[in-house]
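> Starting off with a structure, shown below.
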2 protein chains.
Amino acid sequence: MEARPSTAAGATAQAEPVSVPELLARGRTLCTPPLRAAIARLAPPMDAVAAYHFGWTDRAGNPVAGDGGKAIRPALALLSAEAAGADALAGVPGGVAVELVHNFSLLHDDLMDGDETRRHRATAWTVFGPAQAILVGDALATLGTEVLLDSAHPSGDRPAPATHTDAARAVRLLTVATRKLIDGQAQDLSFEHRDVVTVEECLAMEGNKTGALLAAASAVGAVLAGADDRTADALERYGHHLGLAFQAVDDLLGIWGATEITGKPHWGDLRQRKKSLPVAAALAEGGAASRRLAELLADPKGRGEESEEVLAGRAALIEQAGGRAWTQEEARRQHTTALAALDEVPMADEVRERFVALAEFVVVRER
Amino acid sequence: MEARPSTAAGATAQAEPVSVPELLARGRTLCTPPLRAAIARLAPPMDAVAAYHFGWTDRAGNPVAGDGGKAIRPALALLSAEAAGADALAGVPGGVAVELVHNFSLLHDDLMDGDETRRHRATAWTVFGPAQAILVGDALATLGTEVLLDSAHPSGDRPAPATHTDAARAVRLLTVATRKLIDGQAQDLSFEHRDVVTVEECLAMEGNKTGALLAAASAVGAVLAGADDRTADALERYGHHLGLAFQAVDDLLGIWGATEITGKPHWGDLRQRKKSLPVAAALAEGGAASRRLAELLADPKGRGEESEEVLAGRAALIEQAGGRAWTQEEARRQHTTALAALDEVPMADEVRERFVALAEFVVVRER
């Protein structure tokens with residue numbers, strides 16, 4: 001076997017391979033205590049609703065050992081601080097804030113979309129009612145801003161982790177991302193009333209709904225640590241394309257993923273006639289399978305009541321029309337673009353390798 | 001007639017009396033264009049839903065000449081800049097941001113409370129559905145933060161109206177107020193499941209739900225103009241107590257107001273068995289009328305389906321138990337406390353008189 005060509009990676013050829021589970025665990029370990037402290041600030045019963053939503057308690061309020069999701073965003077926020085040459089701890093308020101905003105959007109989106117399960121559990125609005133889901137979502141979004149602003153204030157005898165200016169820059173980063181998130185949900189909702197959505201429209205929606213917050217997560221730690229705008233912009237681009245790769249994989253899992261692993265209902269995306277990337281790409285292809293798929297999707301008959309067999313047939317049509325292969329290729333393209341953005345930022349090789357490993361994880365995951 | 005005792009007001013005895021309608025009109029005139037510009041940033045159809053909610057268009061999107069509410073908050077934000085010795089214009093981003101947050105809470109609260117009319121019109125969720133009301137509310141709250149952060153950025157050839165530090169202080173002020181607003185709504189919702197609420201609990205809820213945002217409105221312009229914390233705190237206290245006076249009057253109007261003036265349904269608060277101040281005070285009184293009222297409110301029979309006569313009888317019981325008089329007195333107490341806070345801030349007499357006139361307006365209004 002030939003030696004690999006000498007690249008930046010060569011310099012750390014003797015280092016341990018990056019462990020993604022450890023990176024994710026680090027994000028969870030460092031960000032969960034301040035996240036719980038932020039949630040504890042909420043007036044009852046919002047604290048209990050939030051604890052249930054985060055998977056910390058069951059519906060009766062008893063503590064449970066949940067997995068709390070993949071926690072990619074906190075891991076990115078910590079890495080982002082390291083990319084700016086700071087300690088990972090400098091990214092913690094960013095990781096907490098991004099996680100709060102992410103969960104604000106889950107609470108509200110589940111209600112708007114009428115989704116009844118998430119992470120193998122009943123969604124908060126089905127357990128506590130729509131009003132509590134709205135209210136707690138509002139509270140989490142607001143807490144996200146508070147946590148970032150607090151990072152410029154000393155706590156007890158510990159100095160403030162960020163300057164006022166950098167905290168304000170981080171708030172701006174998160175606020176703009178939050179608005180894109182909301183724009184993306186508006187686009188997604190509007191797709192429900194249409195039979196056909198173009199690939200471009202789908203990518204624009206997913207860039208807002210998934211790309212924006214991963215972009216913010218990938219830059220927020222660097223911003224809190226005082227990185228310049230050029231560094232922050234490149235890290236945002238990495239996160240944006242990582243988000244598009246993530247969502248392409250999510251769209252594939254939404255159709256062909258194993259429901260016992262994803263925790264999402266079998267054929268759920270197809271039953272809802274969701275305009276995800278594989279569907280948009282299949283409809284754009286224009287061949288026989290594509291045209292047949294378009295006919296079926298335009299037919300209001302049986303909407304939402306299709307049998308497993310009918311939905312399996314629809315998945316097969318999407319695959320025949322090339323929707324599956326195109327989306328797999330798109331995930332690879334976005335993955336490549338994300339890695340290219342990393343090259344614009346000077347950072348320690350070991351930090352770069354962690355970003356690369358996380359991107360790899362996002363593209364090959366099964367849930 | 002004797003001359004009035006010599007006070008600060010004496011020094012401007014020859015000045016024109018303050019015109020509250022002009023103060024409110026100034027707030028609307030200066031804040032509406034940037035408010036509309038902010039709304040125009042929203043992705044469709046959120047911009048249309050927001051325009052309907054603000055009363056700028058009818059449900060078909062045609063422009064209408066609505067009154068757009070009392071606009072007390074923008075007026076306060078402009079005055080607040082003047083209290084810090086700045087031009088009223090320095091408070092404009094604050095007035096816009098506070099109005100955005102206020103309308104975020106109206107959109108979400110109307111949905112959570114199931115209210116079908118506001119300002120004589122169908123509420124947004126009844127026209128565009130719950131999902132749009134949630135989404136547009138989310139967008140308005142986020143825009144509020146954006147507008148404040150933008151105030152530290154130059155626009156075209158105009159210099160930035162605020163420094164980065166002051167913009168960040170304003171964001172903190174608004175964010176803390178927004179969270180209190182959410183806490184207040186959580187408390188209000190929890191009251192629905194109870195037969196009795198104490199006066200203290202009611203005041204705490206109203207302090208959060210109404211006091212917090214009026215406090216922010218009364219200080220945000222000063223903060224943007226670089227006022228010190230002591231000035232900002234005193235102006236916040238003025239606004240907080242003004243808010244409690246405002247809400248006491250609102251609670252009175254909710255029972256004894258003329259529905260053709262308030263735009264709220266006749267006996268609406270009583271039909272919903274809302275635990276407002278007059279009810280809490282009447283229940284605390286303990287006499288015969290108070291005990292009879294408690295019995296009626298504890299009786300689940302006929303809830304929400306009481307006739308006009310039954311509700312009129314209930315209003316009479318509240319009045320007999322002293323709930324109306326106590327709340328009128330409470331409005332006066334809060335009004336007095338608000339004015340006392342003003343004395344802690346050195347400001348031009350004419351600015352102080354405007355604050356005093358706005359407070360007077362809040363206490364004597366009929367809608």
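The values are calculated or read from the model by the stated rules, or taken from the named source; none is laboratory data. On a predicted model such as this, the values are computed, not experimentally measured, just so you know. Positions of Cβ are backbone-derived with ideal geometry, glycine not excepted, and every protein chain shown enters the neighbour counts. Note: accessible area is taken over every heavy atom of the protein model, side chains too, but ligands, DNA and RNA are not part of it. Shrake-Rupley method; radii C 1.70, N 1.55, O 1.52, S 1.80 Å.
> If you go through the stretch B:214-241, how many residues are closer than 23 Å to B:Glu329 by Cα and either open to solvent by 10 Å² or more (accessible area, probe 1.4 Å) or touching a Cys at 6+ places or on another chain (Cβ under 9 Å) (or both)?
Adding up the residues that qualify gives 4.
> Is it the case that B:His108 is of a type outside the set (Asp, Glu), at pLDDT below 95 and either over 29 Å from B:Gly61 (Cβ atoms) or crowded, with 24+ Cβ neighbours inside 10 Å (or both)?
So B:His108 fails the test.
> Looking at the structure I just gave you, is B:Gln247 buried (at least 24 other Cβ atoms within 10 Å of the Cβ) and either away from every other protein chain (no Cβ under 14 Å) or of a type in the set (Ser, Thr, Tyr) (or both)?
yes
> Can I ask one more? Here is a check on your reading of the model: is A:Ser307 without any contact (Cβ under 8 Å) to a residue 24 or more places away in the chain and over 30 Å from A:Val356 (Cβ atoms)?
yes
> Here is a list of conditions, (1) hydroxyl-bearing (Ser, Thr, Tyr); (2) more than 7 Å from every other protein chain (Cβ to nearest Cβ); (3) touching a Ser or Thr at 6+ places or on another chain (Cβ under 6 Å); (4) without any contact (Cβ under 8 Å) to a residue 24 or more places away in the chain, and B:Ser218 meets all of them except one; can you say which number that is?
Only one criterion in (1) hydroxyl-bearing (Ser, Thr, Tyr); (2) more than 7 Å from every other protein chain (Cβ to nearest Cβ); (3) touching a Ser or Thr at 6+ places or on another chain (Cβ under 6 Å); (4) without any contact (Cβ under 8 Å) to a residue 24 or more places away in the chain is unmet by B:Ser218, namely (4).
> Then there's this: Looking only at the stretch A:173-189, filter to residues that are more than 30 Å from A:Asp299 (Cβ to Cβ) and surrounded by fewer than 23 Cβ atoms within 10 Å (Cβ to Cβ); which one of those is farthest from the other protein chains (Cβ to nearest Cβ)?
Ranking the candidates gives A:Lys180 first.
> Out of all the residues in the stretch A:255-269, which are modelled with pLDDT of 90 or more and either surrounded by 18 or more Cβ atoms within 10 Å (Cβ to Cβ) or charged (D, E, K, R) (or both)?
Listed by number, the list holds a single entry, A:Ile255.
> Being more than 27 Å from A:Arg59 (Cβ to Cβ), at the interface with another protein chain (Cβ under 9 Å from one of its Cβ atoms), open to solvent by less than 10 Å² (accessible area, probe 1.4 Å) and not hydroxyl-bearing (Ser, Thr, Tyr): is that true of A:Gly211 here?
Against the criterion (more than 27 Å from A:Arg59 (Cβ to Cβ), at the interface with another protein chain (Cβ under 9 Å from one of its Cβ atoms), open to solvent by less than 10 Å² (accessible area, probe 1.4 Å) and not hydroxyl-bearing (Ser, Thr, Tyr)), A:Gly211 does not qualify.
> Across the stretch A:53-102, what is the total count of residues that are of a type outside the set (Val, Ile, Thr) and either modelled with pLDDT under 95 or more than 24 Å from A:Asp166 (Cα to Cα) (or both)?
Counting residues in the stretch A:53-102 that are of a type outside the set (Val, Ile, Thr) and either modelled with pLDDT under 95 or more than 24 Å from A:Asp166 (Cα to Cα) (or both) gives 17.
> While we're on this one: Regarding the stretch B:190-201, can at least one residue be identified that is over 17 Å from the mean Cα position of the chain (by Cα), touching a residue at least 24 places away in the same chain (Cβ under 8 Å), within 14 Å of chain A (Cβ to nearest Cβ) and open to solvent by less than 20 Å² (accessible area, probe 1.4 Å)?
Yes, the conditions are met somewhere in the stretch B:190-201.
> Tally the residues that are small (Gly, Ala, Ser) and out of contact with any helix residue (DSSP H, G or I) (no Cβ under 8 Å at 6 or more places or on another chain), restricting the search to the stretch A:242-281.
3
> Still on this structure: Of these, A:Val136, A:Val223, which one is at pLDDT 95 or above, within 24 Å of B:Ala152 (Cα to Cα) and assigned to a helix (DSSP H, G or I)?
None of the other options fit; the residue is A:Val223.
Residue by residue, here is whether (1) under 20 Å from the mean Cα position of the chain (by Cα); (2) under 21 Å from B:Ser19 (Cα atoms); (3) polar (S, T, N, Q) holds:
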site	(1), (2), (3)
B:Ala312	no, no, no
B:Ala316	no, no, no
B:Ala331	yes, no, no
B:Arg354	yes, yes, no
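> Check B:Ile72 against each of (1) buried (at least 20 other Cβ atoms within 10 Å of the Cβ); (2) touching a Gly at 6+ places or on another chain (Cβ under 6 Å) and name the one condition it does not meet.
All conditions pass for B:Ile72, except number (2).
> Continuing with the same structure: With in a loop (DSSP other than H, G, I, E, B), in contact (Cβ under 8 Å) with a residue 12 or more places away in the chain and among the hydrophobic types (A, V, I, L, M, F, W, C) as the only criterion, which of A:Ala75, A:Ala86 stands out?
Answer to the selection: A:Ala86.
> Go through (1) more than 24 Å from A:Ser155 (Cα to Cα); (2) away from chain B (no Cβ under 14 Å) for A:Pro74 and report which single condition fails.
Evaluating A:Pro74 over (1) more than 24 Å from A:Ser155 (Cα to Cα); (2) away from chain B (no Cβ under 14 Å) leaves (1) as the failure.
> Which members of the stretch B:16-66 meet the condition of being touching a Lys or Arg at 6+ places or on another chain (Cβ under 8 Å) and among the hydroxyl-bearing types (Ser, Thr, Tyr)?
Listed by number, the list holds a single entry, B:Tyr52.
> If you check A:Arg230, A:Arg194, which single one turns out to be modelled with pLDDT of 95 or more and not hydroxyl-bearing (Ser, Thr, Tyr)?
Just one listed residue meets the conditions, A:Arg230.
> Follow-up. Hey, among B:Pro161, B:Pro154, which residue is more than 11 Å from every other protein chain (Cβ to nearest Cβ), touching a Ser or Thr at 6+ places or on another chain (Cβ under 8 Å) and open to solvent by 10 Å² or more (accessible area, probe 1.4 Å)?
Checking each option against the conditions leaves just B:Pro161.
> Out of curiosity, is A:His120 under 17 Å from A:Ala38 (Cα atoms) and open to solvent by 60 Å² or more (accessible area, probe 1.4 Å)?
Spelling it out, it is not the case that A:His120 is under 17 Å from A:Ala38 (Cα atoms) and open to solvent by 60 Å² or more (accessible area, probe 1.4 Å).
> Kindly evaluate B:Ser290 against the criterion of being polar (S, T, N, Q) and out of contact with any Gly (no Cβ under 7 Å at 6 or more places or on another chain).
For B:Ser290, the condition - polar (S, T, N, Q) and out of contact with any Gly (no Cβ under 7 Å at 6 or more places or on another chain) - is met.
Conditions tested, residue by residue: (1) assigned to a helix (DSSP H, G or I); (2) open to solvent by 80 Å² or more (accessible area, probe 1.4 Å).
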{"residue": "B:Arg292", "(1), (2)": "yes, yes"}
{"residue": "B:Pro300", "(1), (2)": "no, yes"}
{"residue": "B:Ala340", "(1), (2)": "yes, no"}
{"residue": "B:Val356", "(1), (2)": "yes, no"}
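> Filter the stretch A:130-145 down to the residues that are more than 20 Å from the chain's Cα centre (by Cα) and open to solvent by 20 Å² or more (accessible area, probe 1.4 Å) and list them by number.
If the condition is that a residue be more than 20 Å from the chain's Cα centre (by Cα) and open to solvent by 20 Å² or more (accessible area, probe 1.4 Å), then A:Pro130, A:Ala131, A:Gln132 are the ones that fit.
> Turning to a different aspect of this structure: Residue by residue through the stretch A:113-129, note down the ones that are over 18 Å from the mean Cα position of the chain (by Cα) and within 14 Å of chain B (Cβ to nearest Cβ).
Scanning the stretch A:113-129 gives A:Gly114, A:Ala124, A:Trp125, A:Phe128, A:Gly129.
> Tally time: how many residues in the stretch B:88-112 are β-branched (Val, Ile, Thr) and within 11 Å of chain A (Cβ to nearest Cβ)?
So the answer is 1.
> Taking the stretch A:270-289, which residues are part of a helix (DSSP H, G or I), out of contact with any Leu (no Cβ under 6 Å at 6 or more places or on another chain) and surrounded by 20 or more Cβ atoms within 10 Å (Cβ to Cβ)?
Within the stretch A:270-289, A:Leu277, A:Pro278, A:Val279, A:Ala280, A:Ala281, A:Leu283 meet the criteria.
> Please specify each residue of the stretch A:236-267 satisfying the condition of being of a type in the set (Gly, Ala, Ser) and touching a Ser or Thr at 6+ places or on another chain (Cβ under 8 Å).
A:Gly239, A:Gly243, A:Ala248, A:Gly254, A:Gly263 - these are the residues of the stretch A:236-267 that are of a type in the set (Gly, Ala, Ser) and touching a Ser or Thr at 6+ places or on another chain (Cβ under 8 Å).
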